[in-house]
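Below is one structure, written out as structure tokens, with a few remarks after it.
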Amino acid sequence: MPDKEPLPAEEIRIGVYTCQCGGNISDVVGCARVVKAAGELGNVVVSRTNLSLCSDAGQALIEADIKEKGVNRVVIGACAPSLHEQTFRGTVARAGLNPYFYNHVGIREQASWVHHDNPDGATAKAIRLMAAGVAKARLLEPLEPIRLKAQKHALVIGGGVAGLRAALDIARRGIKVTLIEKSPFLGGHMAQLEQVFPTGDGARDLLKALIQRVVSHANITLYTQAELVGVQGVVGDFTVQICQQSRGISDDRVTAVNVVAPANLPDEFNYGLTTRSVLYQPYPGCYPATPAIDWAHYEDGCLELNGEPLHLQNKPKTFDLAVGAVVVATGFRPYEPPIGEYGYGVLPEVITLPAFIRLLALAGEDERLEFNGRAVKNIAFVHCVGSRQLDGLNEPQPDGQVNDYCSRVCCTATLQATNELHQRYPAINVFDVYEDIRTYGRGHELYYNLASENRVRFLRFHDDELPEVLAAPAGEEHPALVWVTDYLTWGQSLELPVDLVVLAVGMMPNPVDDIIKLLKINAGSDRFLAEVHPKLRPVETAVPGVLLAGTAQGPMNIQESCAAASAAAAKVAVLLGQGYVELEPFVAIVNPALCDGSGECIKECCYEDAISMQPVMVNGTEKVTAVVCAANCAGCGVCVGACPNRAIDLQGWTLKQYEAMVDALAAEDLFALELA
Amino acid sequence: MKNLQVDALVVGGGIAGMQSALDLADQGFHVALVEKEASIGGKMISLSKVFPTLDCCSCITTPKMSAVAHHENITLLTYCEVVALEQNGASYRAQINKKPRYVNEESCTGCRLCEYACPLDLPSAFDMGLGAQRVIRVPFSTAVPQKAVLDIDNCILCGKCENVCPVADCIDFTQTAVTFEIHADAIVLATGFELTPTDAKAEYGGGKLRNVVDALTVERFLAPTGPYGHVLRPSDGKEPESIAYVQCAGSRDISLGVAYCSRICCMYAIKQAMLLSGALPLADITIYYMDIRTFGKGYEQFYQNARAMGIEFVRGKVARIHEDAAQNPVVRVEQIDDGSVVEREHDMVVLSVGMLPSYNPGLIYNVPVAADDGFVAQSAANISPCLTYQPGIFVAGTAAGPMDIVDSIVMAGAAAAETAAYLEERRAVGMAGNGRSPQTTSVKEVSYA
Amino acid sequence: MSDKREDAKKRAILLKQLREAHKETVAHAQEKLKAQQAVRRDICKLMREEPKTVPEVAEASGIPAHEVLWHITAMKKYGLVVETGMCGEYYLYQRVKDGKK
Ligand SMILES: Cc1cc2nc3c(=O)[nH]c(=O)nc-3n(C[C@H](O)[C@H](O)[C@H](O)COP(=O)(O)OP(=O)(O)OC[C@H]3O[C@@H](n4cnc5c(N)ncnc54)[C@H](O)[C@@H]3O)c2cc1C
Ligand SMILES: Cc1cc2nc3c(=O)[nH]c(=O)nc-3n(C[C@H](O)[C@H](O)[C@H](O)COP(=O)(O)OP(=O)(O)OC[C@H]3O[C@@H](n4cnc5c(N)ncnc54)[C@H](O)[C@@H]3O)c2cc1C
Ligand code: SF4
Ligand code: SF4
Ligand code: SF4
């Protein structure tokens, strides 16, 4: 970029505002002292404090000072910039100033919250930080956001109910959607459910209707057996690489194919309660209806076509797509208890709740419920398996952490299962072993009440006295025993002889380390994908243009997954609807007059195509210098340190500004102000 | 007042309504937001700090209020109610009644000189009757709009406010209600919730025990703008040393006809207990509960932190509360763990009251509520949670049942998506009121006949 | 000048008419104001010279403690009373010396 024209000399009039943050700051920091100290700094014409500057009244105060007192640079000491820097830029812009004539100083996270035990120190620090903010404000330059053309096309990853819902809602807003699903079929875990709370609808009926709308929508393109393998670019203009496996067999040949190999592969759809063949379909009516080859178990010769051996090969194909936004809806997986937890994997009579739901479905119209060839008479459900774990009391997961969260759906899902059980097999005795019953949602408590009416026998444990599941001594009528210290009977130790133990396992996120890395998003300490802020930006990740939908973000039921998915769709529509996106102008900028073309900056830069050598005209002569591509520059500033000629700088965070801030932070004459 | 033509009408200016309006307006749709109170903000604006992040509540709410007020695609109408609705082809014609503020909304600067001049103090509903407000006042310090409102039923018409008001003809004792129409293609109901009244349960003192308060009152005690500026008990201003929470007070209680769980009270009680132990480091805090329902993201960890902080959790059903001679509430509790019944005295007892439906849109909007809980019925609760049984009318936030702020905001976003898609699809088949596309038109004003 | 007087006169007449129209509520509010002023006088007298706690004021005046608390809260909000410290579990309040603000 050529040399900037010098700004017209204008008197710099700084307004400094110290927010009390409703006590969050003022309970510790002496705001009046900060106001006084800031008021004495050069160029400061107004210094005020307010209970809550981000409120309309607070913002009006600033606007009035700009319009009436000629304030032309604004410094606000408040919360972290991530919370309200944008809010105040808007305020400044509304009053007619360039929005970047605004500098946000964090005195809550950096002063009052961290030094609440030392009010004087916190106040002194706030004064220093504000002085540095004022020093920077004197050197602020007007900037314009970088405007990029946006692709009216979104990628949705995951074809569970959340991904389907998100895809549909984006498409309905006239934006093209590509939906990729890793498995060969749509629907995710919801397809494995039967009656779902709170409505009692059939899960696959609901899914079928939704899938029908998705696949018939002109704006949606669908790829099954497809995964994300590469990402470049930024919001509005990502290039993504998708890799799709072969399905194996086309529709016209399906009926003619004969499977020679025995159908002895565990069927994951039924959690291994049944087996399936290498060419399979999870359930009748699934989408796509075409069966898929299970490549992991495919062996040449296991299929025949018209009596001839059929030779198939998985030929994955990879292709590029240009999309403006990405919605991650990769869902959950049920917690898989380690061998031995509550007898799981040791006693055959211990199964998980998702498997039990399949067991009930498979039992169909049977007169009695059988498991392992014996009639089930007594059954115990155990809550919170793999959830609500406590450090020191529970075995950590392989990654060394315990699952310290509640999985939210398992309580109601358990009660729904007990109610269905009672309805179909009223003679079975049901024990429900729990710590707290969390039927929190609309209509959920009715499941609890109904279970009580159905004479489900509830037993309550404490988290430091977990129940135990043991094999019954040989010859007993029931093969398993559940030991519970029950606090509904005042701490009695009870022994429940049962035929089946159902573990209400919680949710874990689907493993998506690859996606996290590719999209540069974060997982929280619970391993689920993290939102920026649960209230301000609940479905957005820290990467602009990457959104979250459904249980990839945390445990949710169907309704909550769909609400989150629609909310993400609304954000996509806001982002891409206008046809362009705006990025912060905090990118590197080269002074071609100083650049000697040595390329030190390119060596250090970690971002693809952010900086390159190109011929430019400087004072009438052509010269090869570094040129920044604003769309790809992350504004990290590594290049600034690398340049031996100080030819490259960061807009909005220039070296000069930093120097001024450092000088202010270290200034001797501030001590007097701090003590004043 | 001019008639308005908009794409969507949002009813209710709590967090859910504001978020729906913003998400629609950001997509280029024109929105009218109608709020019955003098300021938007809903219940959330009176909270102190909010779980699970413990951010200061106004840091989340007030900027949203401000954004609503300044958004070029949003027309904000406070102190207004929809009094009739007519279906006009595929769109709606809402008749709006705007109550008189007795203050000119255009010219009032919110300087509050009138408020200071007014001689009469009244109990302030915003502070649950424990604080005061004048007959004429700006509703609260962060109100949007920052405009005074006069309570004519308590006014002595002394004229003192008018004398000090610096704006000519701003205070107008003769103002009357006005009506006008809003034409909208779609409607979002975000009318929120009410709280179980404290007198609902005779066993808990029937609202007569001064030191038995509801949790919203404690929010005000904890808020920096609260009535006392401290946590004090209402009977005599004593700083309480022992505070107890009674969970499920008004929820999960068939005797009150409320079978459902209110979903927020476990978390807000734990939150308040933590905030109270910050404000009153020496106080003992006990929570009497049946089940602790900390199901949301990060909520269980929040609960475990509270336990680690020394807050006492007692599994037990509170059967009765009475008070001793010094007005200390005495709680009679059946302890689940050992079956014993004990009486314990506290300085103050907080009822973790539940959520009740606030507004029944049956009559005007022809939108049914669910028979078992009274909240707006969802026609496709699992897959399309924002749909009601009335096409073109959607629901968001606690109007559709108890939920916290996070869930209300997410649902508000979902309602915006449903509404936007509905509007877009109607346009595609040429059913839109005027065939307008969202990006190109401005708010049309039709003069009122 | 005369314009202004004219306006003031008009206003006075209008207010009078309005008071007539809202007779009942105005009378009710006036009563409330009178009672409030009387109670406040009693409370303020006690807190003028030295700061007092709510129970102290209540005992000395015979006004129920919760009412005393409300009046003090109201006066504090509008700057007529200030908090000066604590005595045991109670805050101390004092009437601001120079009256109004
Ligand atoms: C036992 C049990 C019972 C339940 N009962 C109910 C009930 O009655 N009512 C109710 O409301 N809720 C119930 N739920 C919850 C419900 O199952 C979930 O809310 C819902 O399925 C979540 O949908 P999702 O789309 O977020 O995730 P998922 O269903 O897990 O879908 C995620 C999809 O993404 C795909 N995917 C994963 N990784 C990738 C990748 N890298 N690339 C591409 N695709 C990928 C997966 O293959 C999958 O198809 C129950 C849950 C359990 C465990
Ligand atoms: C004591 C307490 C503490 C809480 N603490 C927390 C917390 O820490 N964290 C958290 O996440 N949640 C908390 N909550 C829950 C939170 O308050 C609600 O989730 C949230 O306020 C719901 O917002 P809403 O917009 O749905 O409803 P509301 O806030 O009730 O808003 C509804 C709005 O609609 C208006 N309205 C109603 N009817 C009409 C009509 N007919 N016409 C026009 N306008 C109408 C109302 O005046 C109101 O402004 C708490 C709740 C309570 C009671
Ligand atoms: S929902 Fe119930 S079973 Fe599941 S983790 Fe939470 S408390 Fe435990
Ligand atoms: S006229 Fe009414 S509102 Fe105005 S000062 Fe008098 S009492 Fe207050
Ligand atoms: S959230 Fe907790 S206190 Fe509230 S009704 Fe539900 S269980 Fe009771």
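The values are calculated or read from the model by the stated rules, or taken from the named source; none is laboratory data. Nothing here was measured: the structure is a model prediction, and the numbers come from that model. Cβ atoms come from the backbone with ideal geometry, glycine included; neighbour counts cover every protein chain shown.
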(request) Taking A:Asn72 as the residue in question, decide whether it is among the polar types (S, T, N, Q), away from every other protein chain (no Cβ under 14 Å) and over 34 Å from the mean Cα position of the chain (by Cα). (result) yes
(message) Looking at region B:104-114, can you tell me whether even one residue there is closer than 22 Å to B:Asp7 by Cβ, hydroxyl-bearing (Ser, Thr, Tyr) and more than 16 Å from ligand 4 (Cβ to nearest atom)?
(response) no
(message) On the basis of being of a type in the set (Lys, Arg), out of contact with any strand residue (DSSP E or B) (no Cβ under 9 Å at 6 or more places or on another chain), buried (at least 19 other Cβ atoms within 10 Å of the Cβ) and in the same structural domain as B:Tyr228 (by TED's automatic domain parsing), does B:Lys297 make the cut?
(response) yes
(message) Against the definition (within 14 Å of chain A (Cβ to nearest Cβ), hydroxyl-bearing (Ser, Thr, Tyr), under 25 Å from B:Asp23 (Cβ atoms) and more than 22 Å from the chain's Cα centre (by Cα)), how does B:Ser384 come out, yes or no?
(response) yes
(request) Any residue in region A:170-197 that's closer than 27 Å to A:Gly579 by Cα: show its pairings with residues that are modelled with pLDDT under 95 and more than 16 Å from ligand 5 (Cβ to nearest atom) at Cβ separation under 6 Å, as long as the two are six or more apart or on different chains. (result) A:Arg173/B:Glu424
(message) Being in contact (Cβ under 8 Å) with a residue 12 or more places away in the chain and within 16 Å of ligand 2 (Cβ to nearest atom) is the filter here; which residues of region B:290-300 pass it?
(response) B:Ile292, B:Arg293, B:Thr294, B:Gly296, B:Lys297, B:Gly298, B:Tyr299
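Are any of the residues in region C:68-80 closer than 21 Å to B:Asp172 by Cβ, more than 16 Å from ligand 1 (Cβ to nearest atom) and not in a helix (DSSP H, G or I)?
So far as region C:68-80 goes, no, none of its residues is closer than 21 Å to B:Asp172 by Cβ, more than 16 Å from ligand 1 (Cβ to nearest atom) and not in a helix (DSSP H, G or I).
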(request) Just give me the residues in region C:50-91 being of a type in the set (D, E, K, R), buried (at least 16 other Cβ atoms within 10 Å of the Cβ) and touching a residue at least 40 places away in the same chain (Cβ under 8 Å), in sequence order. (result) C:Lys52
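Going through A:Val572, A:Val512, A:Val616 one at a time, which residue ends up being farther than 30 Å from B:Gln378 by Cα and either crowded, with 20+ Cβ neighbours inside 10 Å or within 10 Å of chain B (Cβ to nearest Cβ) (or both)?
Testing whether each residue is farther than 30 Å from B:Gln378 by Cα and either crowded, with 20+ Cβ neighbours inside 10 Å or within 10 Å of chain B (Cβ to nearest Cβ) (or both) leaves just A:Val512.
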(message) Return the pair list, or none, for Cβ contacts closer than 8 Å from residues in region B:262-279 that are over 12 Å from B:Leu54 (Cα atoms) and in the same structural domain as B:Ile243 (by TED's automatic domain parsing) to residues that are within 12 Å of ligand 5 (Cβ to nearest atom) and basic (Lys, Arg), at least 6 apart or on different chains.
(response) B:Arg263/B:Arg293; B:Cys266/B:Arg293
(message) Suppose we filter B:Arg93, B:Arg112, B:Arg134 for residues that are without any contact (Cβ under 8 Å) to a residue 24 or more places away in the chain and in contact with a strand residue (DSSP E or B) (Cβ under 8 Å, 6 or more places away or on another chain); which single one remains?
(response) B:Arg134
(request) Find the strands (runs of 3 or more DSSP E) located wholly in region A:297-402 whose residues include 3 or more that are within 14 Å of another protein chain (Cβ to nearest Cβ), and list them. (result) none
(message) It is to be established whether one or more residues within region C:53-64 are more than 8 Å from chain B (Cβ to nearest Cβ) and of a type in the set (S, T, N, Q).
(response) yes
(request) Could you list, in sequence order, all residues of region B:51-66 that are among the aliphatic types (A, V, I, L, M) and facing chain A (nearest Cβ under 7 Å)? (result) B:Ile60, B:Met65
(request) Filter region B:221-243 down to residues that are within 14 Å of chain A (Cβ to nearest Cβ) and among the hydroxyl-bearing types (Ser, Thr, Tyr) and give me whichever is farthest from A:Gln20 (Cα to Cα). (result) B:Tyr228
(request) Check B:Ala94, B:Ala38, B:Ala16 and return the single one that is more than 10 Å from every other protein chain (Cβ to nearest Cβ), within 12 Å of ligand 2 (Cβ to nearest atom), more than 21 Å from B:Ala400 (Cα to Cα) and within 16 Å of the chain's Cα centre (by Cα). (result) B:Ala38
(message) Can you find, within region A:172-199, the residue that is nearest to ligand 1 (Cβ to nearest atom) among those that are within 13 Å of chain B (Cβ to nearest Cβ) and among the basic types (Lys, Arg)?
(response) A:Arg172
(request) Taking the residues in region B:244-276 that are surrounded by 23 or more Cβ atoms within 10 Å (Cβ to Cβ) and either of a type in the set (D, E, K, R) or within 16 Å of ligand 4 (Cβ to nearest atom) (or both) as candidates, determine which candidate is farthest from the other protein chains (Cβ to nearest Cβ). (result) B:Lys271
(request) Select, from A:Gly475, A:Gly491, A:Gly545, A:Gly524, the only residue that is within 30 Å of A:Pro348 (Cβ to Cβ) and either among the small types (Gly, Ala, Ser) or free of Cβ contacts under 8 Å to residues at least 40 places away in the same chain (or both). (result) A:Gly475
(request) Spot the failing condition for B:Thr196; the list is (1) within 30 Å of B:Ser408 (Cβ to Cβ); (2) modelled with pLDDT under 95; (3) among the polar types (S, T, N, Q), and only one is missed. (result) (2)
(message) Out of the residues in region B:277-313 meeting the condition of being out of contact with any helix residue (DSSP H, G or I) (no Cβ under 7 Å at 6 or more places or on another chain) and away from every other protein chain (no Cβ under 13 Å), tell me which one is nearest to ligand 5 (Cβ to nearest atom).
(response) B:Tyr288
(message) Here's a check for you: in region B:153-180, which residue that is part of a helix (DSSP H, G or I) and more than 7 Å from every other protein chain (Cβ to nearest Cβ) is surrounded by the fewest Cβ atoms within 10 Å (Cβ to Cβ)?
(response) B:Asn163
(request) Taking only region B:408-429 into account, find how many residues are under 18 Å from the mean Cα position of the chain (by Cα) and more than 7 Å from chain A (Cβ to nearest Cβ). (result) 2
(request) Using the structure shown, decide if A:Ala610 is in contact (Cβ under 8 Å) with a residue 12 or more places away in the chain, within 37 Å of the chain's Cα centre (by Cα) and within 14 Å of chain B (Cβ to nearest Cβ). (result) no
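Quick one: is A:Glu540 more than 16 Å from ligand 3 (Cβ to nearest atom), of a type outside the set (S, T, N, Q) and surrounded by fewer than 21 Cβ atoms within 10 Å (Cβ to Cβ)?
Taking the combined requirement at face value, the residue satisfies it.
Looking at A:Gly506, A:Gly554, which one is surrounded by 18 or more Cβ atoms within 10 Å (Cβ to Cβ), within 11 Å of another protein chain (Cβ to nearest Cβ), within 16 Å of ligand 3 (Cβ to nearest atom) and under 11 Å from the mean Cα position of the chain (by Cα)?
A:Gly554
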(request) With the condition kept exactly as written, say whether any residue in region A:407-418 is more than 14 Å from chain B (Cβ to nearest Cβ) and either more than 16 Å from ligand 4 (Cβ to nearest atom) or acidic (Asp, Glu) (or both). (result) yes
